[in-house]
């Protein structure tokens with residue numbers, strides 16, 4: 001019995017011991033370090049993605065990254081390099097379209113499908129396709145080396161500093177590009193800069209959740225935050241906090257259960273979103289009175 | 001006109017021409033607008049009213065002639081010019097408080113984020129602007145969920161927050177009901193009086209604006225002209241301007257009412273400037 005306990009990860013009510021247990025192996029330490037940085041970045045940039053209505057573009061960027069990632073592996077180059085080159089190039093083009101990017105879902109979808117096709121070709125040309133494909137598509141957070149953690153930290157710092165520097169004009173341009181432009185905000189340049197930063201964030205996040213599951217870290221936390229606050233600064237903080245919590249919870253559960261981390265992160269994100277929708281619609285009912293149609297009728301007929 | 005008068009004027013246009021891409025929209029525009037004037041800009045769809053605003057904002061250069069706004073060449077980011085663009089209603093899901101939206105008019109063009117020390121002065125200015133448009137009751141609600149008239153007041157507050165001297169309002173009355181049209185018109189007029197603002201307001205329906213307008217600037221048939229309402233707002237002039245029959249009725253109190261423009265404003269085609 002005692003022998004078994006030494007092999008099996010221990011989980012109990014002693015939180016200090018649980019945390020010690022969680023960080024016993026370097027691969028878990030690295031996963032927590034990289035995961036936290038990636039989630040923080042994804043949560044912050046996700047807020048702007050949602051406000052700018054670019055969630056499909058973010059999704060597409062990750063898929064375009066798939067071709068870059070597989071291409072890099074084929075050429076024997078680092079995965080992250082291929083991801084960055086492809087996503088930044090695609091991001092810059094999307095950014096140059098600016099506000100016209102909204103409603104370009106068809107064009108983006110066509111480019112996305114083609115790049116997935118390219119990725120499949122690169123995989124076919126490369127031996128050992130299956131494991132590479134799985135790791136790019138669904139993330140490899142438990143296989144992150146120290147060097148990758150450092151790279152992720154650098155990329156994360158660049159992303160956060162850049163977003164902090166453009167916070168106000170980016171928000172202004174996102175909400176009201178015409179007035180922002182008249183006020184002297186470089187709307188077009190900001191649009192390109194934002195998409196390039198998003199490309200960097202997406203490339204980072206691919207390591208954790210993979211290209212297929214990127215929504216869970218970039219869009220879901222921001223979508224939840226949007227339901228609970230209408231103050232941009234709070235929305236940003238809530239979105240980042242949620243992304244980090246999802247990642248931590250996913251990693252912790254995956255340590256004790258023999259299933260993939262990505263599954264737990266996306267599942268927690270999904271159920272949190274459902275819960276958020278339920279709670280916010282209940283709050284709305286309570287705030288506006290129940291049942292709502294009757295109240296609206298009252299307002300309409302009031303003098 | 002003496003040079004000193006020209007320097008004092010809010011807007012001086014001298015033989016200005018405007019193009020959209022390579023297409024000439026209008027030319028030969030020469031007019032002077034005095035400080036504190038309330039100008040209504042009239043003209044059919046696509047005649048280049050919004051293009052005029054883009055010139056005044058410095059977003060596009062004049063194709064010919066010279067233009068001075070508050071004694072300077074038009075330039076982007078001029079804090080003395082407040083602007084409310086033509087728009088459809090804001091997205092219902094815009095997750096932003098009205099107050100934060102107004103706040104962007106104060107510092108949205110500055111880099112970085114707000115430092116706590118600066119915040120107090122900013123909040124006072126934002127409060128004042130919201131008060132000026134009587135939007136306190138709903139300033140803390142999500143802007144996407146407000147009615148058209150409420151949104152329009154907050155947009156106006158955003159334009160006012162930098163203490164401008166010139167206001168450019170592109171169809172602020174569009175898609176509002178009659179009560180809100182009159183309410184916004186009166187609000188803009190009283191703000192213009194108390195804050196000594198020069199106002200240019202693009203409109204399709206002149207009726208709610210008749211009590212407050214000083215002069216009418218009309219943009220049509222490739223040209224721009226300015227005149228007193230009594231001269232411009234006559235059946236023959238308006239009919240020529242819009243190319244469709246328009247009548248001006250006068251009641252026993254001396255009030256005017258324009259009939260026929262509603263049909264014109266019914267089909268909203270995209271303006272070339274947009």
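The single condition among (1) away from chain B (no Cβ under 14 Å); (2) under 20 Å from residue B:142 (Cα atoms) that residue A:274 does not meet is (2).
Quick check on region B:36-59: of everything there that is free of Cβ contacts under 8 Å to residues at least 60 places away in the same chain and touching a helix residue (DSSP H, G or I) at 6+ places or on another chain (Cβ under 9 Å), which residue is surrounded by the most Cβ atoms within 10 Å (Cβ to Cβ)?
Narrowing region B:36-59 to residues free of Cβ contacts under 8 Å to residues at least 60 places away in the same chain: B:55, B:58-59.
Filter once more, keeping what is touching a helix residue (DSSP H, G or I) at 6+ places or on another chain (Cβ under 9 Å): B:58-59.
Working: B:58: 19, B:59: 17.
Filtering first and then ranking leaves B:58.
Annotation: of all residues in region B:34-80 being more than 13 Å from residue B:218 (Cα to Cα) and in a strand (DSSP E or B), the one that is nearest to the other protein chains (Cβ to nearest Cβ) is B:69.
Working only within region B:139-156, note down all residues that are within 12 Å of chain A (Cβ to nearest Cβ) and either crowded, with 19+ Cβ neighbours inside 10 Å or in contact (Cβ under 8 Å) with a residue 40 or more places away in the chain (or both). Steps first, please.
Going through region B:139-156, the residues within 12 Å of chain A (Cβ to nearest Cβ) turn out to be B:139-147, B:151, B:154-156.
If the condition is that a residue be within 12 Å of chain A (Cβ to nearest Cβ) and either crowded, with 19+ Cβ neighbours inside 10 Å or in contact (Cβ under 8 Å) with a residue 40 or more places away in the chain (or both), then B:139, B:140, B:141, B:142, B:143, B:144, B:145, B:146, B:151, B:154, B:155, B:156 are the ones that fit.
Of the candidates B:190, B:239, B:175, the single residue that is more than 14 Å from every other protein chain (Cβ to nearest Cβ), surrounded by fewer than 20 Cβ atoms within 10 Å (Cβ to Cβ) and within 24 Å of residue B:25 (Cβ to Cβ) is B:239. The number of residues in region B:100-138 that are within 11 Å of another protein chain (Cβ to nearest Cβ), outside any helix (DSSP H, G or I) and surrounded by 18 or more Cβ atoms within 10 Å (Cβ to Cβ) comes to 2.
Part of a helix (DSSP H, G or I), over 25 Å from residue B:114 (Cβ atoms) and modelled with pLDDT under 90, is that true of residue A:217? Lay out the reasoning, then the answer.
Numbers: part of a helix (DSSP H, G or I): yes; over 25 Å from residue B:114 (Cβ atoms): yes; modelled with pLDDT under 90: no.
The answer is no for residue A:217.
With respect to being closer than 22 Å to residue A:228 by Cα, within 12 Å of another protein chain (Cβ to nearest Cβ) and surrounded by fewer than 14 Cβ atoms within 10 Å (Cβ to Cβ), residue B:91 fits the description. Within region A:135-179, if we keep just the residues that are touching a residue at least 60 places away in the same chain (Cβ under 8 Å) and loosely packed, with under 14 Cβ neighbours inside 10 Å, the residue that is farthest from residue B:110 (Cα to Cα) turns out to be A:143. Residue A:99 fulfils the conditions (1) at pLDDT below 85; (2) away from chain B (no Cβ under 12 Å) except for a single criterion, (2).
Against the conditions (1) assigned to a helix (DSSP H, G or I); (2) at the interface with chain A (Cβ under 8 Å from one of its Cβ atoms); (3) touching a strand residue (DSSP E or B) at 6+ places or on another chain (Cβ under 6 Å), residue B:83 satisfies every one except (1). Being modelled with pLDDT under 95, under 11 Å from the mean Cα position of the chain (by Cα) and at positive phi, is that true of even one residue in region A:201-210? The answer is yes; a qualifying residue exists. Within region A:171-200, being at the interface with chain B (Cβ under 10 Å from one of its Cβ atoms) and in a helix (DSSP H, G or I) holds for A:171, A:172, A:173, A:174, A:175, A:177, A:178, A:179, A:180, A:181, A:182.
The values are calculated or read from the model by the stated rules, or taken from the named source; none is laboratory data. What you see is a predicted model; the values in this text were computed from it and never measured. For neighbour counting, all protein chains shown are included, and Cβ atoms are generated from backbone atoms with ideal geometry for every residue, glycine included.
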